[in-house]
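What follows is a set of notes on a single structure, which appears directly below.
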Amino acid sequence: MYQKVLIIKSQASDELEIAKISQYIEEKYSANIHSVVLETFLNLDEFDQESLYVTYLSDESIKLFLSKVLYQDIDVLLLANKECTKAIKSYNLVSDLKESIDNAFSKEHLSTIDILTANDRVVYSSVIFGDVYGMNKVVLPDDSIFTRVKRFFANLKKLQFHPYKLQTKQENIIDTVATGILIYEHNLKHSNSDFINEDISLHDGQLNALILAPKSIFSLIYLLFVLFFYQRFSLSKLPKSIGLIKSESLTVSSNQQGFDFLIDGVGVSAKEVHLQVHKDALRCILAKAWRKLLSKCR
């Protein structure tokens, strides 16, 4: 049982909500509560291994927090709020704050997980190079055939190929020309919005790089048709135009001076991108769905 709890908040955090969280923990678990703004926390040099570290932060602030505590021997609870929708989807955070706190104090929900970074920036869901033509977003069930056909031809008109150089952890080097690359570390099929129809563990120590590299116009058209109309696949049954690389790390570069890419939908530019899976880098409180998935992969 935790005797001390440190709540990490931002300058703009809802103080009334923070007070409710503190009151609930104090009354039910008799723990000593302290709160600190993120900027102050990031300057700390030591961590109390007996405390529970609780965040009530936005998506981008949580990324800064996670970068600070990677490989630290502390327990972490990420609390859901309206400013961290990406973290909620990525880690399947419990929406009920009291339930989330109760899970933390039961400790049966505690587990170590992997964290993916791109040039030392924490990644929640995906890194995208070029255009992946819907691989990162499942077609909505209520989309009409007309809508899908219209989207299909719109994407067909804007096709572009880009040269990429990929180097894996094992020093394997691949030079390829592709329309796009989708990289992610984990996937929970019921909460994420990509086309992989299976659970991918956040505890296997590897990233997954899906490379769209059709060899001909026909195979390209077929690939787009498959993506827009069949919607979901398993990694073992990918279309032939999609290559798969699994590795602990991957470096992506191009013969261009630099290139643009997306981290969780946010535009970034770099000359070279180093992606790294930090295995068992974070000890945190997980929802029931993730705990079941982890137990299968151990």
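The values are calculated or read from the model by the stated rules, or taken from the named source; none is laboratory data. Remember, predicted model here, so these are calculated numbers, not experimental data. Methodologically, a virtual Cβ is constructed for each residue, glycine included, from the backbone with ideal geometry; neighbour enumeration extends over all protein chains shown.
All of (1) more than 20 Å from Leu262 (Cα to Cα); (2) outside any strand (DSSP E or B); (3) at pLDDT 65 or above; (4) in contact with a strand residue (DSSP E or B) (Cβ under 8 Å, 6 or more places away or on another chain) hold for Phe225 with one exception: (4). Please verify whether segment 110-121 includes one or more residues that are buried (at least 20 other Cβ atoms within 10 Å of the Cβ) and at pLDDT below 90. Checked against the condition, which is being buried (at least 20 other Cβ atoms within 10 Å of the Cβ) and at pLDDT below 90, segment 110-121 yields no hits at all.
Residues in segment 79-89 that are free of Cβ contacts under 8 Å to residues at least 24 places away in the same chain and outside any helix (DSSP H, G or I): Ala80, Lys82.
Every residue in segment 34-58 that is farther than 18 Å from Ile18 by Cβ and of a type outside the set (A, V, I, L, M, F, W, C), please.
Of all residues in segment 34-58, those farther than 18 Å from Ile18 by Cβ come to 42-50.
Within segment 34-58, Asn43, Asp45, Glu46, Asp48, Gln49, Glu50 meet the criteria.
Scanning segment 172-203 for residues that are surrounded by fewer than 20 Cβ atoms within 10 Å (Cβ to Cβ) and modelled with pLDDT of 80 or more gives Asn172, Ile173, Ile174, Asp175, Thr176, Val177. Select from segment 90-129 the residues that are assigned to a loop (DSSP other than H, G, I, E, B), out of contact with any Phe, Trp or Tyr (no Cβ under 9 Å at 6 or more places or on another chain) and polar (S, T, N, Q) and write down the one among them that is nearest to Ser30 (Cα to Cα). Top of the filtered list is Ser95.
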